[in-house]
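The values are calculated or read from the model by the stated rules, or taken from the named source; none is laboratory data. A quick note: this is a predicted structure, and the numbers were derived from the prediction, not measured. Here the Cβ positions follow ideal geometry from the backbone for every residue, glycine too, while neighbour counts run over all protein chains shown. We work out accessible area using only protein heavy atoms, side chains counted, and drop any ligands, DNA or RNA first. Shrake-Rupley method; radii C 1.70, N 1.55, O 1.52, S 1.80 Å.
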Amino acid sequence: MKTIDEKYMLIALNEAKKALSFDEVPVGAIIVKDDKIIAKGHNLREKTKNPLDHAEIIVIKKASKKLGDWRLENCTIYVTIEPCSMCAGAILQSRISKIVYGAKDEKGGALGSSFNLFEQKNLNHKPVIISGVLEEECAEVLTSFFRKKRQLKK
């Protein structure tokens, strides 16, 4: 039996797989409030040619629009990889209550792998952070994407 976090992470993982059709780094995210998905998205940087179009930024924008508020209190974001510093900052600014992520990002993760934004003193918001949900599945999608990219370069 899957936990609620695994259930929602599978949906974020499906979003990550959608990014593959655009030759995007396969990262997916969803935002849930009151056990309802209010936003889904995936990386779109290659498609839009916009460096800000990470999955987390996209779902934060969608959720804010849907709720009519920039404060996403009592919301949970599920993302297939540990958020980078830009996305962790956006999560902080949007007041999301809980972050659940799958794979660690040793090179750019801002929730503990590279550094932890939320360990900074004087922050006015500290979300609950849960890591490693479906970690292997989330990591495999990314690993296989980059493996194929390296093979194409040979």
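Using the crude model of +1 on Lys and Arg Cβ and -1 on Asp and Glu Cβ, and no other charge, please compute the dipole size for the stretch 1-109 relative to its Cα centre, in debye to 20. Kindly include the intermediate steps, with their values, before the conclusion.
Details: 19 positive and 15 negative charges, 70 e Å.
Value, rounded to 20: 340 debye.
Leaving ligands and nucleic acids out of the surface, order 67, 44, 52 by accessible area at 1.4 Å, largest first.
Working: 67 65, 44 40, 52 90 Å².
I get 52, 67, 44, largest accessible area first.
Taking a probe of 1.4 angstrom, what is the accessible area of residue 42 in Å², to the nearest 10?
Roll a 1.4 Å probe over it and residue 42 shows about 30 Å².
Rolling a 1.4 angstrom probe over the protein chains, ignoring ligands and nucleic acids, what is the accessible area of residue 2 in square angstrom, nearest 10?
120
For a distance above 12 Å, tell me the whole-number percent of Cα pairs in the stretch 85-141 that qualify. Spell out each step's value before the answer.
On the way: 1059 of 1596 pairs.
Everything past 12 Å amounts to 66 percent.
Based on alpha-carbon centroids, what's the gap between the stretch 89-148 and the stretch 29-84 in Å, whole number please?
13
With the cut-off at 1.5 for a/c, could you classify the stretch 1-78 from its C-alpha gyration tensor as rounded, prolate or oblate?
Oblate is the answer for the stretch 1-78, as a/c is 1.5 or above yet b/c matches or exceeds a/b.
Return one number: the angle in degrees, 0 to 90 and rounded to the nearest 10, between the long axis of the Cα atoms of helix 85-94 and the longest principal axis of the Cα atoms of the chain.
With rounding to tens, the tilt is 30 degrees.
What size of dipole, in debye to the nearest 20, comes out for the stretch 45-100 about its Cα centre when the only charges are +1 on Lys and Arg C-beta atoms and -1 on Asp and Glu C-beta atoms?
Values: 10 positive and 6 negative charges, 47 e Å.
Dipole size: approximately 220 debye.
Considering the dipole of the chain built from charges on the beta carbon (Lys and Arg +1, Asp and Glu -1) around the Cα centre, which of 8, 100, 143 is farthest to its positive end?
Farthest towards the positive end: 143.
Mind checking the per residue accessible area of the chain for me, 1.4 Å probe, whole number of Å²?
55
Expressed as an acute angle from 0 to 90° and rounded to the nearest 10, what is the orientation of the C-alpha long axis of helix 4-19 relative to the principal long axis of the chain?
It works out to around 50 degrees.
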